[in-house]
Amino acid sequence: MMGMVVLMVKDYVLKLFSPPLLLALIVLSFLTVPFSITHAQSNDDSNDKEVGVEWINDYPGEWVYIRGYGWAYLRPLNHRDEDAEGFYNKLVQDGGFYGLFDFNNTWAWESDFEESPEGGWLGDSYIADNVDYVYFAGHGNPDGFFFSTEHDDGNYNYMVHYSEALWGNRDLEWIFISACEVLEDEDYHYVNWKSAFGDPCCLHGICGFASVAYDYSELGEKFADYLLQGYSIGKAWRMATIDVQPYYVDAAIYRAWIDYLDTTLCDYYNEHLPGYGPIYDDPYVYEQLDPNCVVILVYESWSCEGGSLRN
Amino acid sequence: MKKIILLKIAVPVIVFVVLMMWLGPLLRGPARMPSTPTPLSPSPPGNYELVVNCTIPKNLPTKMPLLKIIPEPIPLEKWLQVAREIFNMTGKLEINKDYDSNETFIKEVAPHGGFSSFLQVGYGGYFTWTLDGSPLTYLVPSFDEARRIADGMLEKLREHGVVPENIQVEYSSTKYSWWRNGRPIGVTVFYTLKFRGYPFCQKFSVELTGEGVDTVFGAWRFFEVADTVQLITVEEAMSRLSPPGISGGAVTDIIINSVELGYTHNRQVQEYIPTYIFKAALVITTLTGELETMETVLTVPAVP
């Protein structure tokens, strides 16, 4: 409820102020804000078809200083809007999903993806971890993904550093990061994202790229299209990245896998969107049900050579 | 009247002020902390440099034909036969046409303990077949075995008439293409497609895992030869080269390692158009200022 209110506030400010809505908002806010949200275990809500996207084209085009990290040059991009909104619109319009947010440029905030941003910013429990599927399109590198503004007064302003991420302890199942190198495999860099899955493990998986990725517009819609045709999440990401990205780009998926006495009970690569095939409980649930179940995280990457659109 | 003014103006204003006082700190947070250090590289990556690292071919043609793509060269009944006889989709099939993308999806619903297979057919007769949900192992086939299986797949597709007769399909390479935790779990056999010796950017490929064939991309399209068009020069094409956007930095240099004429698919007009194909290395300045090199292929339409 709290997250809904925050979403309403943020979305609302983007539009014209309307007194009746303000009144309703303040009443709702006073009713809900004082209640704290626990993070001890997954808190999935009853709606398993919520989606949100954030994207940035309008990076500042200058060097920004990231505390605890160093300088980064954030160059503007051109097609992050079509990429993210292609995913969002397809799921909402054709898949019957509930679109909870589509924040962009200066309204896409790092704090929306962070567990505990410093300085009073609201964390991911109200935005990214308040939906089931979230898609980010912007700049990335092996250490995280980047925003055009800063909404964290501690270290790693302008970015979601892997150490700041803890997803799925509220509602999120999957995060799709359409940005360069976030799941880089050199020196097993992707293992840094292990803590984002939580302990106990709540997140189902992360889709991204192991290499540089091109700023092309079609990935999100193509990915959603495959999902709605009934492809599993892993396969859909794989097919969409191969279709859209050119030679020499490597895409990747880092996801949970439930091992039961050395056999695979479920591989989240094969999970589908709800209503389009099998879906799985949060990984920690299996461990609670049977001590013989062990959650492991599995990483796969592939070359994008050979698809039908661009290659 | 006063009551109306009070209700319509004063109350919303008061509510807004209270709301902002209360939620403001949450939404805005405290002021930014000052950034004291200065950038290590004060000049940001901006303009790129084009470096030609090869001999430009001198005898390239000045005219080439456009290739007009035939929308639906193969009827659905034929694809259903291909699904059954080549891809073993013998269970219950669901057929779904996506009019936005001009694609038809033929899905075999979970015939083998939860695995589905998909045959996706697109405008001009390109297709993808893939198996979804099979357990993957580290027992990938050898490159020789993969080539043998892929050649057999190509032959079957030819026999069923779903390979355009006016293109040459030439073996290109076999590579590991899919890795789990750093170990290969998939190998792909690639074939180059050509028309009168000119390569297409798209390919035919067969991917295999320890379970057998996993994915087949028949990225060809049926076409008929259309008008011959005048081509721009390679120098002019190079002047039109632009670096691709990168979601993790910026392109600093484009190093051209080879150039040839070929064809690429233009979805807007549904034609194969003559195209200069540049094999290149991109020098990329990453977000944090390091330099990386990435091999790529850049294309520039050869038509004015």
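The values are calculated or read from the model by the stated rules, or taken from the named source; none is laboratory data. Computed from a prediction, not measured in an experiment: that's the story for all the values here. So basically every Cβ, Gly included, is an ideal-geometry build from the backbone, and we count neighbours across all protein chains shown.
At-a-glance table
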| item | result |
| --- | --- |
| Tabulated pairs, the stretch B:56-75, first free of Cβ contacts under 8 Å to residues at least 60 places away in the same chain, second surrounded by 17 or more Cβ atoms within 10 Å (Cβ to Cβ) and part of a loop (DSSP other than H, G, I, E, B), C-beta under 8 angstrom, 6+ apart or interchain | B:72/B:123; B:72/B:125 |
| When residues of the stretch B:223-260 are limited to those that are within 14 Å of another protein chain (Cβ to nearest Cβ) and not in a strand (DSSP E or B), the one surrounded by the most Cβ atoms within 10 Å (Cβ to Cβ) | B:247 |
| Residue match in the stretch B:179-199 (condition: closer than 30 Å to residue A:299 by Cβ, part of a loop (DSSP other than H, G, I, E, B) and within 14 Å of chain A (Cβ to nearest Cβ)) | yes |
| Among (1) at pLDDT 95 or above; (2) more than 14 Å from chain A (Cβ to nearest Cβ); (3) part of a strand (DSSP E or B) - the single one residue B:164 does not satisfy | (3) |
| Among residues of the stretch A:132-141, those that are facing chain B (nearest Cβ under 9 Å) and closer than 14 Å to residue A:53 by Cβ, counted | 2 |
| Subset of the stretch B:264-304 (residues that are of a type in the set (Ser, Thr, Tyr) and within 12 Å of chain A (Cβ to nearest Cβ)) | B:264, B:285, B:286, B:288, B:293, B:296, B:299 |
| Any hit, the stretch B:105-127, residues being over 26 Å from residue A:231 (Cα atoms) and touching a residue at least 24 places away in the same chain (Cβ under 8 Å) | no |
| Members of the stretch B:261-278 found to be surrounded by fewer than 17 Cβ atoms within 10 Å (Cβ to Cβ) and in a strand (DSSP E or B), listed by number | B:266 |
| Among the candidates A:78, A:105, A:89, residue that is surrounded by fewer than 21 Cβ atoms within 10 Å (Cβ to Cβ), under 30 Å from residue B:100 (Cα atoms) and within 8 Å of chain B (Cβ to nearest Cβ) | A:78 |
| Boolean, residue A:144 is touching a residue at least 40 places away in the same chain (Cβ under 8 Å), within 12 Å of chain B (Cβ to nearest Cβ), out of contact with any Pro (no Cβ under 6 Å at 6 or more places or on another chain) and not β-branched (Val, Ile, Thr) | no |
| Selected residue [surrounded by fewer than 14 Cβ atoms within 10 Å (Cβ to Cβ), outside the structural domain of residue B:271 (by TED's automatic domain parsing) and touching a Ser or Thr at 6+ places or on another chain (Cβ under 9 Å)] from B:159, B:155, B:170, B:207 | B:170 |
| Members of the stretch B:102-152 found to be at pLDDT below 85 and either more than 12 Å from chain A (Cβ to nearest Cβ) or more than 26 Å from residue A:278 (Cα to Cα) (or both), listed by number | B:102, B:111, B:112 |
| Exclusive hit being assigned by TED's automatic domain parsing to the domain that holds residue A:218 and assigned to a helix (DSSP H, G or I), set A:102, A:129, A:152 | A:129 |
| Candidates B:46, B:24, B:29, filtered to the one that is at pLDDT 50 or above and among the small types (Gly, Ala, Ser) | B:46 |
| When residues of the stretch A:172-194 are limited to those that are assigned to a loop (DSSP other than H, G, I, E, B) and in contact with a Ser or Thr (Cβ under 8 Å, 6 or more places away or on another chain), the one modelled with the lowest pLDDT | A:185 |
| Filtered residue count, the stretch A:217-245, keeping only those that are in contact with a helix residue (DSSP H, G or I) (Cβ under 6 Å, 6 or more places away or on another chain), part of a loop (DSSP other than H, G, I, E, B) and at the interface with another protein chain (Cβ under 8 Å from one of its Cβ atoms) | 1 |
